[in-house]
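Inspection log for the structure reproduced underneath, given as structure tokens.
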Amino acid sequence: MGRNLYILAATFGVLALISLVLSFTNVAQQPGSPGDAMLWRTTAIVLCCLALVIALAGVLSSLFEQAERRHEEQRRKLRASRRP
């Protein structure tokens with residue numbers, strides 16, 4: 001699951017970069033364009049924050065999966081040492 005969250009965070013990060021680049025090009029300042037430059041920058045900030053939160057969730061998910069694996073290994077070793 002952690003890998004999927006990393007991919008999702010990277011996608012939002014790329015979309016944030018695209019929004020930020022669009023805010024500095026002439027596309028955002030043309031009449032009839034989808035929103036003004038401030039809207040593109042706000043979208044970029046929101047997408048970047050969302051990407052950071054999702055990346056944090058991916059890190060925590062991987063961390064807990066690793067802790068669970070180590071706990072299971074310790075439990076197996078303990079059971080194996082108790083058996084004569």
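The values are calculated or read from the model by the stated rules, or taken from the named source; none is laboratory data. None of the values given here were measured: they were computed from a predicted structure. Cβ coordinates were reconstructed from backbone atoms using ideal geometry, including for glycine residues, and neighbour counts include every protein chain displayed. Quick note on the areas: whole protein, heavy atoms, side chains included, nothing else; ligands and nucleic acids left out. Shrake-Rupley method; radii C 1.70, N 1.55, O 1.52, S 1.80 Å.
Miscellaneous remarks
- Cα-based Rg of the chain normalised by 2.2 N^0.38 Å, two decimals: 1.87
- Cα gyration tensor shape for region 39-84, rounded if a/c is under 1.5, else prolate or oblate: prolate
- The chain, accessible surface, carbon-and-sulfur percent (1.4 angstrom probe): 67
- Within the listed set Ala51, Ala16, Ala67, the Gaussian network model of the chain (springs between alpha-carbon atoms below 10 Å) gives the highest mean-square fluctuation for Ala67.
- Using C-alpha pairs under 8 Å with a sequence gap of at least 6, the mean separation divided by the residue count of the chain gives a relative contact order of 39 percent.
- Label-to-label distance, nm, for residues given as Val14 and His71 (7 Å Cα→Cβ offset): 3.6
- Applied to region 45-52, the Karplus parametrisation 6.51 cos²θ - 1.76 cosθ + 1.60 on θ = phi - 60° returns per-residue 3J(HN,Hα) values of 5, 5, 5, 5, 5, 5, 5, 5 Hz, with x for Gly and Pro.
- Only one residue of Cys49, Ser19, Leu5 has its Cα farthest out toward the positive end of the dipole of the chain, where Lys and Arg carry +1 and Asp and Glu -1 on Cβ, and that residue is Leu5.
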